[in-house]
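As C-alpha cells, the structure follows; a few thoughts come after it.
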Amino acid sequence: MASFFSIQDAAAVPNGYLKYTVPLNASPTGLAFDPSGDLYVLEAASFLSNTAQIRVIHSDNTFGTDITVTGNDPNNFFAGGMTYDPISDGLLITDNTADGRLYSVSKTGVQQTLAIGISTIADVAVRSTGEIFVSTAFGDNLGTVLQVDRLPDPTPPPTPVVSGLDFGGGLAFDAAGNLLILEADANSVTGRLHRLSITEGTSGLQFGSLSLLVDGIQSFFGMTLDSEEDIFTTGSGGLFSVDGLPLSEAPFDNNGNPSQFATAVAFDSGALPFEPFSGADAGWLAFGSNFSDPFVTLVRPTPPIDANFNADGNVDQGDLQIWQPHFGTTITATNAQGDSDGDFDVDGSDFLNWQRQFGAGSLATQLLSVPEPASSALFVGLLWQATRLGRRGRLDR
C-alpha cells in the first residue's frame, strides 16, 4: 500500500469495509474512474482563480501527472460535476460560472468547450451509447435535465429532457440505460430520487415517463451505482446507500453530524461484487467528505474472514499462539500476525473469528464453521489472558 494512504477508523462504515483517505492540495469537487482503475480528482479552484488541477491517482496507488483545467470566467471556476467519457477516453466537467459551460478535457490536458449558456449547470453523465446529459439547479421547479450535443461549441442548443425539478443534482445510468436523477427539494432541503426510462429507437433515444423512486431522503448531491446496481448517494450527513424494496436510505459513512457534508462520489468496479468481506478485487468507492476538506475518501471491502494465521490449512491452537503475542498490534497488522478480518489490527474481533472457525479447515476449504470446543469459559479465559499480554506488551515498550 502506498504511503499516501491513511487508514481510518472503520467504525463509521459498515462491518466488512475499510476506509482510507488520500491527501490533496484542495477539496475535491469532481471524481471519476477510468476503465483502468485510475482515479481522477478535480480539486477546487482557489478564490478569484479560474484554474483548477485534476490529480491523477493510479491504480497502483501512485500519483500521476496533474492536468490543468481553465474556466471561461477570468476570476472563478465552480465545478458542478465531472465524469469519465468513454467516447473520448477523457473527462467531462461542468463549470457553474458566468453563463454555465461544459468542458471536454483529454488525459493530456487538451480542453474543448462543448456547450455554453447552461445557467446553474450541475452534474454530468454519459450513457453507454455516448449521449451526454447535464442537470441544472435553478430551484422553484425550474431545474432541468438536458441532453447536450457532443460537437464543440457552437452547437445546437441542449435538448430539454426533464423539467419541473427544484435543484437537479446527481445523475447516473443503470444497466438498462435508464437515467437516475437525484433532486434537492428547495423548501425541505431533502432529496428525492427519480428514474427516467430511456429506450433506443431508429431516430435516437426515446424518453418515457419520470417515476419517483423515493422521497424525503437526507442525501441530494451526488450519486453512483456499483456493479450490482446498488445506489450510493451523498449529501447532508455524509455517504448513504439507497436500496431495498421499497427503496430506503441508510447511512454508509456517517457520524450523525449533518454538517459532515459529502459531495462528489464515484465507483470503480472490480472482479467481485462490492459486498462486505469481498476483498480488494471488489473495487473502490470514492467520495469527497466535505467542501473544505483537502482529501478524498476511498472505501473497499476487507478480505474474507480467515483465522488460519499460520497457513497450515487448519484453524487450531497453533493459530491462537500467533494471535496472542500480536494482540494490540494496529495499523500494520497482517493475517500472518492474527488479523483475521483485514482491518490491519489484532484485537478481540479476530479472536472471535478464530473461535468461530476453530476446528475447521482454512478459508479455502470451509468458511465460518461452528467451533467444537467454543465454551464461554474458554473464550473468556483466553481473551482475558490475551488482554493481559497485550497490556503488558504496551507498558513494556
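Just checking, how many residues over the range 119-146 are farther than 21 Å from Ser188 by Cβ and either surrounded by fewer than 19 Cβ atoms within 10 Å (Cβ to Cβ) or modelled with pLDDT under 95 (or both)?
Number of matching residues: 5.
For the range 104-115, which residues satisfy the criterion of being surrounded by fewer than 16 Cβ atoms within 10 Å (Cβ to Cβ) and either among the aromatic types (Phe, Trp, Tyr) or not in a strand (DSSP E or B) (or both)?
Once the filter is applied, which keeps residues that are surrounded by fewer than 16 Cβ atoms within 10 Å (Cβ to Cβ) and either among the aromatic types (Phe, Trp, Tyr) or not in a strand (DSSP E or B) (or both), the range 104-115 yields Ser106, Thr108, Gly109, Val110.
Filter the strands (runs of 3 or more DSSP E) completely within the range 172-267 down to those with at least 3 residues that are within 22 Å of Gly283 (Cβ to Cβ).
Correct list: 219-225, 231-235, 238-243, 248-253.
Please identify the pairs in which a residue from the range 318-329 that is surrounded by fewer than 17 Cβ atoms within 10 Å (Cβ to Cβ) has its Cβ atom under 7 Å from the Cβ atom of a residue that is not in a helix (DSSP H, G or I), counting only partners at least 6 apart or on another chain.
Here the result reads Gly318/Asn310; Gly318/Asp312, each pair linking the range 318-329 to a residue that is not in a helix (DSSP H, G or I).
Filter the range 268-284 down to the residues that are crowded, with 17+ Cβ neighbours inside 10 Å, on the phi < 0 side of the Ramachandran plot and not in a loop (DSSP other than H, G, I, E, B) and list them by number.
The answer is Asp268, Ser269, Ala282, Trp284.
Name the one entry in Ser163, Ser188, Ser128 that is free of Cβ contacts under 8 Å to residues at least 24 places away in the same chain and either more than 21 Å from Ala79 (Cα to Cα) or touching a strand residue (DSSP E or B) at 6+ places or on another chain (Cβ under 8 Å) (or both).
Ser163
Being assigned to a loop (DSSP other than H, G, I, E, B) and either touching a Gly at 6+ places or on another chain (Cβ under 6 Å) or surrounded by 17 or more Cβ atoms within 10 Å (Cβ to Cβ) (or both) is the filter here, so list the residues in the range 77-97 that pass it.
Across the range 77-97, the qualifying residues are Phe77, Phe78, Ile87, Ser88, Asn96, Thr97.
Would you point out which residue out of Asp185, Asp149, Asp166 is surrounded by 15 or more Cβ atoms within 10 Å (Cβ to Cβ), at pLDDT 90 or above, closer than 23 Å to Leu91 by Cβ and among the acidic types (Asp, Glu)?
Asp149
Criterion first (hydroxyl-bearing (Ser, Thr, Tyr), over 26 Å from Thr29 (Cβ atoms) and surrounded by fewer than 21 Cβ atoms within 10 Å (Cβ to Cβ)) does Ser227 satisfy it?
Considered against the rule, which asks whether it is hydroxyl-bearing (Ser, Thr, Tyr), over 26 Å from Thr29 (Cβ atoms) and surrounded by fewer than 21 Cβ atoms within 10 Å (Cβ to Cβ), Ser227 comes out as no.
Suppose the filter is modelled with pLDDT under 95 and in contact with an Asp or Glu (Cβ under 9 Å, 6 or more places away or on another chain); does Gly238 pass it?
Against the criterion (modelled with pLDDT under 95 and in contact with an Asp or Glu (Cβ under 9 Å, 6 or more places away or on another chain)), Gly238 qualifies.
Mind checking which residues of the range 40-72 are in a strand (DSSP E or B) and either touching a helix residue (DSSP H, G or I) at 6+ places or on another chain (Cβ under 8 Å) or of a type in the set (Phe, Trp, Tyr) (or both)?
Tyr40, Phe63
Okay, residues lined up against (1) of a type in the set (Phe, Trp, Tyr); (2) modelled with pLDDT under 90; (3) surrounded by fewer than 19 Cβ atoms within 10 Å (Cβ to Cβ):
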position: Phe4; (1), (2), (3): yes, yes, yes
position: Asp9; (1), (2), (3): no, yes, yes
position: Val13; (1), (2), (3): no, yes, no
position: Tyr17; (1), (2), (3): yes, no, no
position: Asn25; (1), (2), (3): no, no, yes
position: Phe33; (1), (2), (3): yes, no, no
position: Ser36; (1), (2), (3): no, no, yes
position: Tyr40; (1), (2), (3): yes, no, no
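Condition test on Asp123, is it in the same structural domain as Gly90 (by TED's automatic domain parsing) and outside any loop (DSSP other than H, G, I, E, B)?
Yes: the conditions hold for Asp123.
Do you know which residues across the range 285-297 are surrounded by fewer than 22 Cβ atoms within 10 Å (Cβ to Cβ) and in a strand (DSSP E or B)?
Matches in the range 285-297: Phe295 only.
The values are calculated or read from the model by the stated rules, or taken from the named source; none is laboratory data. Keep in mind it's a predicted model, so treat the numbers as computed, not measured. Note that we place each Cβ from the backbone using ideal geometry, even for glycine, and neighbour counts take in every protein chain shown.
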